[in-house]
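Enquirer: First the structure, then my questions, so here it is.
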Amino acid sequence: MAQGEAKSEYLFKILVIGELGAGKTSIIKRYVHQYFSQHYRATIGVDFALKIIKWDDNTIIRVQLWDIAGQERFGNMTRVYFKEAVGCILVFDVTRPASFEAVKKWKLDLDTKVQLPNGGRIPCVLLGNKCDQAREGFFQTHEQMDSYCKDNGFIGWFATSAKENIRIDESVNFLFSKVLENA
Ligand code: GTP
Ligand code: MG
């Protein structure tokens, strides 16, 4: 019989938010099912996905991903959806500057509607998705993005591609490491 190892199990409710068509559903599909489709079908309301992760020998994380429709930003339902979330992935589309401009509004909405039990902000990572398509490079430098994150309360940012599977696991694991610090 195995002797006295302390096993920890966590349930993480993680929100995935950002503008219409930024790639939220695609990131979740890639992360959970290792699958990508070019076909766009807008999420209506909210979708859910679950993934169970063996974080280390003693830690299991059950991750509940809440895939919030981009068109929900001005909807009253987000207050209900955001309740008790412990982490957030905010996605914009690097090929569409307007989706980056909307990031601040999403972040403000998030911080207004959900807090940690101690009143602090829930950890939120910023993803510039579709980096496979950014032909002329992104419109912000690394330095600009770093200070943007600092100024706007993001734990960090990543250029990702759900299509080519670039930095999806890395960015999600980075968020989880921060969420675990609050667990
Ligand atoms: P809403 O549910 O309407 O809020 O959109 P969403 O953020 O869930 O976007 P979705 O994942 O449905 O992706 C929108 C479109 O972008 C789809 O046609 C995807 O195939 C495409 N897409 C998503 N991620 C990537 C990516 O990394 N690279 C490229 N080239 N296309 C992507
Ligand atoms: Mg969607």
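Enquirer: For the stretch 55-157, what relative contact order do you get, as a whole percent, if you take Cα pairs closer than 8 Å and at least 6 residues apart? Could you put the intermediate results ahead of the total?
Expert: Details: 102 pairs, mean separation 27.6, N = 103.
Relative contact order of the stretch 55-157: 27 percent.
Enquirer: I would also like to ask the following. Any idea what diffusion coefficient the stretch 11-78 gets from Stokes-Einstein, in µm²/s, Kirkwood Rh on alpha carbon pairs, 20 °C, 1.002 mPa s?
Expert: It comes out at roughly 166 µm²/s.
Enquirer: Now a separate question. Need one word for the stretch 113-177: rounded, prolate or oblate. Basis is the Cα gyration tensor (sqrt eigenvalues a ≥ b ≥ c); a/c below 1.5 gives rounded, then a/b vs b/c decides.
Expert: Details: a/c = 2.90, a/b = 1.59, b/c = 1.83.
Here the stretch 113-177 falls in the oblate category.
Enquirer: Something else about it: Quick one: Cα convex hull volume of the stretch 55-99, Å³ per residue? Each step should come with its number before you reach the end.
Expert: Numbers: hull volume 4.6 nm³, N = 45.
Dividing the Cα hull volume of the stretch 55-99 by its residue count gives 102 Å³.
Enquirer: Next question, about the same structure. As a check on your grasp of the helix formula, calculate [θ] at 222 nm for the chain: sum -39500 (n - 2.57) over DSSP H runs of n ≥ 4, divide by the residue count, round to the nearest 500.
Expert: Dividing the helical sum by the residues of the chain leaves -9000 deg cm²/dmol.
Enquirer: Taking the 0 to 90 degree range and rounding to the nearest ten, how far is the long axis of helix 142-152 tilted relative to the main principal axis of the chain, both from C-alpha atoms?
Expert: 70 degrees
Enquirer: OK, next. Sorting Trp55, Trp157 by accessible area (1.4 Å probe), largest first, what list results? Please report the intermediate quantities before stating the final value.
Expert: Details: Trp55 80, Trp157 50 Å².
Final ranking, largest accessible area leading: Trp55, Trp157.
Enquirer: Okay, moving on. Calculate how steeply helix 103-113 sits against the longest principal axis of the alpha-carbon atoms of the chain, using the helix alpha-carbon long axis, and give the answer as 0 to 90 degrees to the nearest 10.
Expert: It is inclined by approximately 40 degrees.
Enquirer: Which loop GluC sites (Glu not before Pro) in the stretch 79-183, with loop taken from DSSP, have no more than 14 other Cβ atoms within 10 angstrom of their Cβ?
Expert: Values: sites: Glu84, Glu101, Glu136, Glu143, Glu164, Glu170, Glu181; in loops: Glu84, Glu136, Glu164.
Within the stretch 79-183, the qualifying GluC sites (Glu not before Pro) (loop, at most 14 other Cβ atoms within 10 Å) are Glu84, Glu136, Glu164.
Enquirer: Over the stretch 44-183, give the accessible area per residue in Å² for a 1.4 Å probe, as an integer. Intermediate results must be reported in sequence, preceding the final value.
Expert: Details: 7340 Å² over 140 residues.
Each residue of the stretch 44-183 exposes 52 Å² on average to a 1.4 Å probe.
Enquirer: Using the Cα gyration tensor of the stretch 17-123, with a ≥ b ≥ c the square roots of its eigenvalues, what is the shape: rounded (a/c below 1.5), prolate (a/b larger than b/c) or oblate (neither)?
Expert: The shape class here is oblate.
Enquirer: In degrees, nearest 10, range 0 to 90: what is the angle between the Cα axis of helix 168-182 and the longest Cα principal axis of the chain?
Expert: Taking Cα atoms only, the helix is inclined about 50 degrees.
Enquirer: Going down the list Lys54/Lys105; Lys51/Lys150; Lys54/Lys104; Lys7/Lys107; Lys7/Lys150; Lys13/Lys105, which pairs span over 27 Å between their C-alpha atoms?
Expert: On the way: Lys54/Lys105 34 Å; Lys51/Lys150 30 Å; Lys54/Lys104 33 Å; Lys7/Lys107 34 Å; Lys7/Lys150 35 Å; Lys13/Lys105 21 Å.
From Lys54/Lys105; Lys51/Lys150; Lys54/Lys104; Lys7/Lys107; Lys7/Lys150; Lys13/Lys105, over 27 Å: Lys54/Lys105; Lys51/Lys150; Lys54/Lys104; Lys7/Lys107; Lys7/Lys150.
Enquirer: Running a GNM on the chain with Cα contacts under 10 Å, which residue among Ile68, Ile14, Ile44 ends up with the highest mean-square fluctuation?
Expert: Ile44
Enquirer: Run through the stretch 20-65 and list the trypsin sites (Lys or Arg not before Pro) located in a DSSP loop whose Cβ has at most 14 other Cβ atoms within 10 Å.
Expert: Details: sites: Lys24, Lys29, Arg30, Arg41, Lys51, Lys54, Arg62; in loops: Arg41.
Passing sites in the stretch 20-65 are Arg41.
Enquirer: How big, on average over all directions, is the shadow cast by the Cα convex hull of the chain, in nm²?
Expert: Working: hull surface 45.7 nm².
Mean projected area for the chain: 11.4 nm², to one decimal.
Enquirer: Carbon and sulfur together cover what percent of the accessible area of the stretch 133-183 at a 1.4 Å probe radius? Working shown, then result.
Expert: Values: 1250 of 2980 Å².
In the stretch 133-183, the share of accessible area belonging to carbon and sulfur is 42 percent.
Enquirer: So which trypsin sites (Lys or Arg not before Pro) in the stretch 83-171 end up in coil per DSSP with only 13 or fewer other C-beta atoms within 10 Å?
Expert: On the way: sites: Lys83, Lys104, Lys105, Lys107, Lys113, Arg121, Lys130, Arg135, Lys150, Lys163, Arg167; in loops: Lys83, Arg121, Lys130, Arg135, Lys163, Arg167.
Counting only loop positions with at most 13 other Cβ atoms within 10 Å, the trypsin sites (Lys or Arg not before Pro) in the stretch 83-171 are Lys83, Arg135.
The values are calculated or read from the model by the stated rules, or taken from the named source; none is laboratory data. Note that the coordinates shown come from a computational prediction; the quantities given were computed from them, not determined experimentally. Note: ideal-geometry Cβ built from the backbone for every residue, glycine included; neighbour counts use all protein chains shown. The area values use the complete protein model at the heavy-atom level, side chains included, leaving out ligands, DNA and RNA. Shrake-Rupley method; radii C 1.70, N 1.55, O 1.52, S 1.80 Å.
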